[in-house]
Amino acid sequence: MAKIIAVTGKGGTGKTATTSLLIRQLTKGDKVVLAVDADPDTNLPETLGCDTTKTIGDIKEYMHEERDNLPPDINKESILEGKLYEILEEMPGYDLLVMGRPEGSGCYCYVNNLLRGIMNKLVTNYDVLIIDAEAGLEHFSRKIFRNVDDLVVVTDGSRRGLRTAERIRELVNELETDVSNIYVIANKVTDANRERISSTAEELGLELIGMIPVDEMIVERDLAGEPLFDLPDDSVAVQEVEKIAQKLGL
Ligand SMILES: Nc1ncnc2c1ncn2[C@@H]1O[C@H](COP(=O)(O)OP(=O)(O)OP(=O)(O)O)[C@@H](O)[C@H]1O
Ligand SMILES: [Mg+2]
């Protein structure tokens with residue numbers, strides 16, 4: 001059974017950057033990895049340097065539209081499963097699946113239900129599933145994944161950011177998804193706020209597993225529209241993520 005890691009946090013804190021660097025780290029090992037972009041506002045493929053445009057949202061749309069046209073004796077689940085494998089992107093060292101969002105505003109409960117079963121089956125093919133989740137934990141309420149081993153909350157160094165992490169911890173108790181561990185990563189850390197972040201995290205009882213510094217290489221790549229996946233080993237963010245990956249048992 002795969003270890004499931006979901007990366008969440010407030011908007012713009014660095015969820016996608018952190019996820020892509022964790023994936024980069026994972027490709028150095030021999031684990032079979034599935035990366036999932038679960039943010040409807042798709043960003044992970046670009047950060048990884050993958051130009052896929054196919055999403056689960058498109059499949060949902062297709063199934064939704066064709067629902068009444070498909071012959072009754074045909075197994076809908078196997079159609080959906082086949083379509084899912086069609087959009088599964090095989091990248092060097094990992095597979096990538098992009099959730100996206102369906103175009104329409106209809107009710108996709110029927111497809112979501114089918115999808116849930118297939119995803120939970122698909123997961124058994126992998127050692128690690130890493131999810132770039134959206135800010136609001138919405139997909140957890142849709143319960144695509146029955147359980148999450150590690151929920152990683154990315155926060156900026158501000159007290160408010162850490163409070164968000166605290167709130168997410170409270171929210172998790174209300175979810176139907178089982179979460180085994182909640183960890184916090186502070187991102188864009190500077191020498192000026194480093195000390196305060198760790199003392200505030202301690203005060204709030206948050207398990208801080210890493211502090212990723214502001215990384216000029218990330219800033220440059222962001223401006224140039226280049227992926228973070230191939231950042232060099234001497235990037236300060238890469239070095240910190242390497243330690244974080246160890247703490248996560250990757
Ligand atoms: N350690 C870092 N050093 C410098 N810049 C960073 C760092 N981490 C992230 N950034 C920059 O911060 C911005 C937001 O990062 P990112 O897109 O990863 O956040 P996010 O939480 O995924 O955002 P969203 O909520 O929109 O999905 C990007 O411009 C990214 O390049
Ligand atoms: Mg993002």
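Scanning the range 38-64 for residues that are within 11 Å of ligand 1 (Cβ to nearest atom), surrounded by fewer than 20 Cβ atoms within 10 Å (Cβ to Cβ) and β-branched (Val, Ile, Thr) returns a single hit, 42.
Just wondering, is there one or more residues in the range 204-221 that are surrounded by 13 or more Cβ atoms within 10 Å (Cβ to Cβ), out of contact with any strand residue (DSSP E or B) (no Cβ under 8 Å at 6 or more places or on another chain) and modelled with pLDDT under 95? Checking the range 204-221: at least one residue is surrounded by 13 or more Cβ atoms within 10 Å (Cβ to Cβ), out of contact with any strand residue (DSSP E or B) (no Cβ under 8 Å at 6 or more places or on another chain) and modelled with pLDDT under 95. Between residues in the range 38-58 that are among the hydroxyl-bearing types (Ser, Thr, Tyr) and residues that are part of a helix (DSSP H, G or I) and within 15 Å of ligand 1 (Cβ to nearest atom), which pairs lie under 6 Å by C-beta distance while being six or more apart or on different chains? That search, which allows pairs on different chains as well, returns 47/16; 47/20; 52/45.
When 190, 155, 164 are screened for being open to solvent by 10 Å² or more (accessible area, probe 1.4 Å), among the polar types (S, T, N, Q) and within 16 Å of ligand 2 (Cβ to nearest atom), only 164 passes.
Would you point out which residue out of 118, 130, 182 is within 16 Å of ligand 1 (Cβ to nearest atom) and not in a loop (DSSP other than H, G, I, E, B)? First the steps, then the outcome.
Numbers: 118 fails: within 16 Å of ligand 1 (Cβ to nearest atom); 182 fails: within 16 Å of ligand 1 (Cβ to nearest atom).
That would be 130, the only listed residue that is within 16 Å of ligand 1 (Cβ to nearest atom) and not in a loop (DSSP other than H, G, I, E, B).
Residue 100: within 16 Å of ligand 1 (Cβ to nearest atom), in contact with a Gly (Cβ under 6 Å, 6 or more places away or on another chain) and open to solvent by less than 60 Å² (accessible area, probe 1.4 Å), yes or no? So residue 100 fits the description; yes.
The values are calculated or read from the model by the stated rules, or taken from the named source; none is laboratory data. Given the structure is predicted, the values throughout are model-derived calculations rather than measurements. Here the Cβ is made from the backbone with ideal geometry for all residues, glycine too, and neighbour counts use every protein chain on show. Note: areas computed on protein heavy atoms with side chains; ligands, DNA, RNA excluded. Shrake-Rupley method; radii C 1.70, N 1.55, O 1.52, S 1.80 Å.
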